Amino acid sequence: MDQEPLDRGNAGRSDRADARRDDRGDIRPDARPDPSATGAVPRAEPVVITATDVAGSRFVSGTGAAPDPGRQAAVVAQAESTLPMVVQSLYAQRLSSVELRSGAAGDRFFALTDDRGRDLTLRLDAVPLPSGTVARTHVNTTSDQHVVQLSDRMDPRQVGRALSHEVGELLAVRDRAARAAAGDPEVAGVAPNRQDVLARGGLGSAERRLSLTEEDLGRVGELNYLAARMNDATLDAGQRAESRGELSALVDHLGLRPRVPADSGHYAPELQAADVRRDIVDPHLTPAAAGALRELAVPVERLGAADAVELREFRARAEHARPIGASVGAPVMPGLRPDGSPLPREELAAAAARAAEQRTRAGSATLDQLRAEIATTGEWPARRVVVGGGASLVGRDPEALLVDARGRWHLDPGEGIVQSPDQTRDMRASGMGDAHQFADPTARVPRDAVRLWEDQLAVRGPVVDGTAALLPGQDGRLYTHIRPADGSPDLYVKVEGTPTVATGLPPEMVPGVDRRDAVDLPEALDAVRGQLPAGSPAHARLTGEVGAERALQVLREEGVLDGLRSGGGARAALQTLDATAQWERARAAAPGRVFIGDEIAEGRFDARAASAEGAPKTWLVAGAGGTGVANAEIILEADPEARVTIYGPNLPPALENQVQFTALRERFVSEYGGDGRLTIDIHPDNRVGAVQMSLGPDGKPRFREGRVEADAYVASLGRTAPMPEALRGLSEGTRAGGGQVRGDLMFDRDRQYLGYGVTFEAGGRQHRVEVTGAASQLLPRDVFPRDTQAALTAMAVRQVPSQSGNAAPGFAPVAEQTARLAEARARGTVERHASVPESWGRPAVAGATASGGGANPVANAARLQSGRRTASPGGGVPGSAPVPRAPRPPQPPRPGR
Ligand SMILES: Cc1cc2nc3c(=O)[nH]c(=O)nc-3n(C[C@H](O)[C@H](O)[C@H](O)COP(=O)(O)OP(=O)(O)OC[C@H]3O[C@@H](n4cnc5c(N)ncnc54)[C@H](O)[C@@H]3O)c2cc1C
């Protein structure tokens, strides 16, 4: 510790980065430029957007195995009874009411009102969180619905402190969004300050004017909370002393006192930095906290004997708790200039174009290199391989050859992702990029930013633009068949190690298929084959690429179709064959008027043709999910005369929480003040069947669904779940050879989902492939049982709640997932599971009673704090509620951990 550099300009950053690693206990990007990283991209700013561990203190997320089954309920119950107290005691000037309610679906949430009279909601949950994260908040400044997730391994007695942090940080994020929306020049158009003041490291007197970051304000909440408990006469002496010790530890952690001995050369600058921090933080402290800091934010030599002993013990524990090796190989964050400063918004488009060119050049260079190697050795080269990657490129192995078709966001003609920087604020912690750099808090994250990040990540290692498929070679090895996008000849690469596949979401469904038993054509054909007698010549005629129309014809010609229809055993398969044949006919009869939603969303839709003479003017978008809404937007943007109807049984809850949907309604739906070009027709009876096409009086095709008739049709009806295309040949080959295909789910030690693995076993050989990113949220139906998919889906909606405006296969969650996969691989901590860990099941929450509305919430909640007084606004934080089944206090970690 004596060695800490304190020069803020340079070495001080390194110190902050170290402090960050202390915080999280896991790999984080740090702030120093990385000369090894493709020349230009510096390491990312360290990020902590959550209430993180104060290593060595009691405020830790907990580590180790899953907690006992009752712990989640205990943490939630504690949180529900504590939140009103925290709000009333620490944030009464900002939040005027807080009330626990039950939603229509039986969910529970707090309804709050802020000092400007704006309503917001806060949901509380206890879930598996990564080690080092005590709590995290999914902040949504668009819908003002927020979710706090607490670690299900934490000590429930620390819940009040965690909530103090989260509420403080949430209010800071909301403030910034409101100021930006009002055009405040200090925040509008400007990326937020990312340099936390409350982190150890040097600060000069000139920096007294720095303002606290949102994370800092979360820590201020903790200081205020602990100070109130330290002085709370309703607590016993032991509890007050414990709070005092925790506050003193936090003071150390936040750089509010020097750590080096008074005779160290670093003492004076550390003392000065602590003084500067005190000056900055003082206006935000309650009187109790200011008083506590006067007593405790002093060098250890000036503390009373008991405080000094406690602090030295804390420091010893913190030292042992420090993670090892975290800085080595930390990923770099794209979107920064070579000097580490954020790229300004006005330079984004040019930077994205440059990054795209650089990627194209890198792709050509990689192909040249591979071909040169083939020419020299006469053999296919051997490489580690990654197939596909968008958001998942965050976890890209820089040693591996990436083969990517540059689809999804490189083709999407839309404005950007449907979320705002505030809704993706945790993303930069994964190393993807800082969305606030390129858009205001509640605007949309622009498409160019996404492309820039992905292209910069792609060139961190060898990359080829093209498609790839994995195949077994005659020598028993696994090969990657690469089809380069530049039209040059195909090549093969021998696969080293376990390849990664991140090819994005699987294809969408054709309208009218049987969603349960034969969701696509391959499933339907499989089912039909299963019904045919073994010797039927139809078997041979139904192999290879067979369309639905052709398959029905074969069955008719072989004289088996009527039997299959009357038999009933192939009902689902025949429904899917009929619907798909109807689809094929419509596409053939009305080219440019019948689309699968992804075709629109990936630019396989000619906008100029759409606005040309005779082009369709009315569009029916069947399906009201995210892709359907994105399609509607693209069509309305492409043709100013187009009118679109979105048709479906319900709108997914995430939509109302996203930026795009609400803005789209305001622009185009008349009831919301729009120009009336968009109609959203939602009714539970709006079930979409096979495409209905007829010819209008003018001889042009017409499409009908319910009461809606249109010139063109887009199907956005949800997705199928086959084996990813890149593995289709491997899978079919394995099975055809009598082999087996088995799947497992991958989690890290913190029960975070990393993707799934598939093992292909035939002829005594095994090949394993790992699938991650959006692709990993839909498990191949021919490998995994349906209840495993159901459990995965249930986990996904809990881990990424709809209130966040995100979904598990979305951009920011995928970035986080794949960063964790890379980390777990590096540490050797990838675990294989047969299904989703039990603790992702919903807890039976038994806590405070939710009101149906009306009753005094604070009093209600306070009454639940048995033996506690009701706190008055501005007063001290009452002690924690009695803790259901209190666990033992955390033990100091063993040295070496
Ligand atoms: C239409 C649509 C709109 C979406 N909008 C949003 C949104 O607004 N916000 C949000 O959070 N999420 C959105 N998503 C979810 C999306 O999945 C994530 O944003 C994110 O892109 C997922 O990252 P990924 O790396 O898993 O896959 P992707 O980003 O989809 O990347 C997969 C890559 O693999 C390539 N590929 C596929 N097959 C092969 C192959 N055989 N060989 C080589 N390369 C291959 C593709 O071309 C692509 O480049 C949307 C998805 C879709 C389909």
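Quick check: residue separation of R208 and R786 times 0.36 nm, minus the Cα distance between them. What number comes out in nm? Write down the numbers at each step before the final one.
Details: separation 578, 0.36 × 578 = 208.08 nm, distance 5.87 nm.
Working it through step by step, the gained length comes to 202.2 nm.
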Task: Normalised contact order of the chain, rounded percent, pairs of Cα under 8 Å and 6 or more residues apart - done: 17 percent
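Indicate the helices, whole DSSP H runs only, in the chain that combine a mean Kyte-Doolittle hydropathy of 0.0 or more with a Cα extent along their long axis of 30 angstrom or more.
Going by DSSP H runs, the hits are 159-181.
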Open item on the list: Looking at the chain only, what percent of DSSP beta bridges run antiparallel? Nearest 5 please.
Closed with: 60 percent
Open item on the list: Whole-Hz ³J(HN,Hα) for each residue in segment 768-782, computed from phi via Karplus 6.51 cos²θ - 1.76 cosθ + 1.60 with θ = phi - 60°, x for glycine and proline: what do you get?
Closed with: 10, 10, 10, 10, 9, x, 4, 4, 7, 7, 10, 6, x, 5, 8
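Could you compute the FRET efficiency for S96 and E666, with r as their C-beta to C-beta distance and R0 at 35 Å, rounded to 0.05?
Values: r = 28 Å, r/R0 = 0.81.
The value I calculate is 0.80.
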Task: segment 204-212 - phi-based ³J(HN,Hα) in whole Hz, Karplus 6.51/-1.76/1.60, Gly and Pro as x - done: x, 5, 5, 8, 4, 8, 4, 10, 6
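Of the beta bridges DSSP finds with both residues in segment 593-720, what % are antiparallel, to the nearest 5?
Values: 6 of 23 bridges.
In segment 593-720, DSSP labels about 25 percent of beta bridges as antiparallel.
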TODO: List every residue whose amide H lies under 5 Å from the amide H of D232, counting only residues 5 or more places away in sequence or on a different chain, with H placed 1.01 Å from N in the peptide plane.
DONE: none
Task: Average accessible area per residue (Å²) across segment 739-836 - probe 1.4 Å, nucleic acids and ligands excluded - done: 35 Å²
- [ ] May I ask you to give the percent of accessible area on segment 593-720 that is carbon plus sulfur, with a probe radius of 1.4 Å?
- [x] 49 percent
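Given a 1.4 angstrom probe, I'd like the percentage of the accessible area of segment 398-520 that is carbon and sulfur, rounded to a whole number. All intermediate terms of the calculation are to be shown ahead of the outcome.
Details: 1960 of 3970 Å².
For segment 398-520, the apolar C and S fraction of the accessible surface comes to 49 percent.
Tell me, what % of the accessible area of segment 725-838 is carbon and sulfur with a 1.4 angstrom probe?
Numbers: 2110 of 4320 Å².
Of the solvent-accessible surface of segment 725-838, carbon and sulfur hold 49 percent.
Ranked highest first by average number of other Cβ atoms within 10 Å, how do 203-209, 749-755 line up? Show your work: numbers first, answer last.
On the way: 203-209: 14.0, 749-755: 22.3.
Per-residue Cβ counts within 10 Å, averaged per peptide and sorted highest first, yield 749-755, 203-209.
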TODO: Name the residue farthest towards the positive end of the dipole of segment 725-838 from the options G755, A736, N806, assuming +1 on Cβ of Lys and Arg, -1 on Cβ of Asp and Glu, about the Cα centre.
DONE: A736
- [ ] Quick one: check the C-alpha center-to-center distance for segment 117-176 versus segment 639-694, whole angstrom.
- [x] 32 Å
- [ ] Just grab the label-to-label distance for D115 and D486, each label 7 Å out from Cα along the Cβ direction, in nm (one decimal).
- [x] 6.1 nm
Open item on the list: Give me the extension gain from A105 to R556: residue separation times 0.36 nm, minus the current Cα-Cα distance, reported in nm with one decimal.
Closed with: 157.5 nm
Task: Cα gyration tensor category, rounded, prolate or oblate, for the chain with a/c compared to 1.5 - done: prolate
Task: Amide proton proximity set for G416, modelled H, under 5 Å, gap of 5+ - done: R447
- [ ] State in Å² the accessible area per residue of segment 593-720; use a 1.4 Å probe, count heavy atoms of protein chains only, and round to the nearest integer.
- [x] 42 Å²
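The values are calculated or read from the model by the stated rules, or taken from the named source; none is laboratory data. Treat the numbers as computed from the prediction; the structure is a model and nothing was measured. Every residue, glycine among them, receives a Cβ derived from its backbone with ideal geometry; neighbour counts consider all protein chains shown. Each accessible area value is taken on the protein alone, full model and side chains, heavy atoms only, with ligands, DNA and RNA left out. Shrake-Rupley method; radii C 1.70, N 1.55, O 1.52, S 1.80 Å.
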